[in-house]
Amino acid sequence: QVQLVESGGGLVQPGGSLRLSCAASRSIRSIYTMGWYRQAPGKQRELVAQITSSFGTSYADSVKGRFTISRDNAKNTVYLQMNSLKPEDTAVYYCNAVLSGMSNWGQGTQVTVSS
């Protein structure tokens, strides 16, 4: 399996930007799909963005045009660039990697968008 460590969360004003990082404990080159999910208080965890090993990407409708997912296989790291942040983006953001049919999660990083 793989350990995932997220970083880069924090408090930001509406309209601001943050970049989240997800560092993996092993090579991610062969991991087909890695993704970012988020969970707001009282809500279910939802998929935000995914990226495949061939660098194909997909996004939730709510973040299209504002968020960009990328991966650096040499650094074993996946990123989530978040621009034009809104209060409704406030949540704990989790990194995910599926290996051999098993889902691996990081501990999450808090993102708070507030003035």
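Bear in mind that the values in this text are calculations on the coordinates, not laboratory data. Everything numeric in this text was worked out from a predicted model, so none of it was measured. FYI the Cβ positions are ideal-geometry reconstructions off the backbone, even for glycines, and counts take in every protein chain you see.
Things to note:
- Across the range 45-85, C-alpha contacts under 8 Å between residues 6 or more apart give a mean separation that, scaled by the residue count, equals a relative contact order of 30 percent.
- The Cβ shell under 10 Å around Leu80 holds other residues with a net charge of +1, Lys and Arg each +1, Asp and Glu each -1.
- A cut-off of 5 Å between modelled amide H atoms, ignoring neighbours fewer than 5 places along the same chain, links Gly16 with Leu85.
- What the Cβ-Cβ distance of Ser54 and Gln107 gives, at R0 = 35 Å and to the nearest 0.05, is a FRET efficiency of 0.80.
- Qualifying trypsin sites (Lys or Arg not before Pro) for the range 53-115 [loop in DSSP, other Cβ within 10 Å: at most 15]: Lys64, Arg66
- Spin-label zone in the range 12-49 - amide nitrogen under 19 Å from a point set 7 Å from the Cα of Ser62 along the C-beta vector: 12-20, 35-49
- Cα-based Rg of the range 8-83 normalised by 2.2 N^0.38 Å, two decimals: 1.12
- The local environment of Gln44, defined by Cβ-Cβ distances under 15 Å, has a net charge of +1 under the rule Lys, Arg +1 and Asp, Glu -1.
- Count Lys and Arg as plus one, Asp and Glu as minus one, and take only other residues whose Cβ is under 15 Å from that of Ser62; the net charge is then +2.
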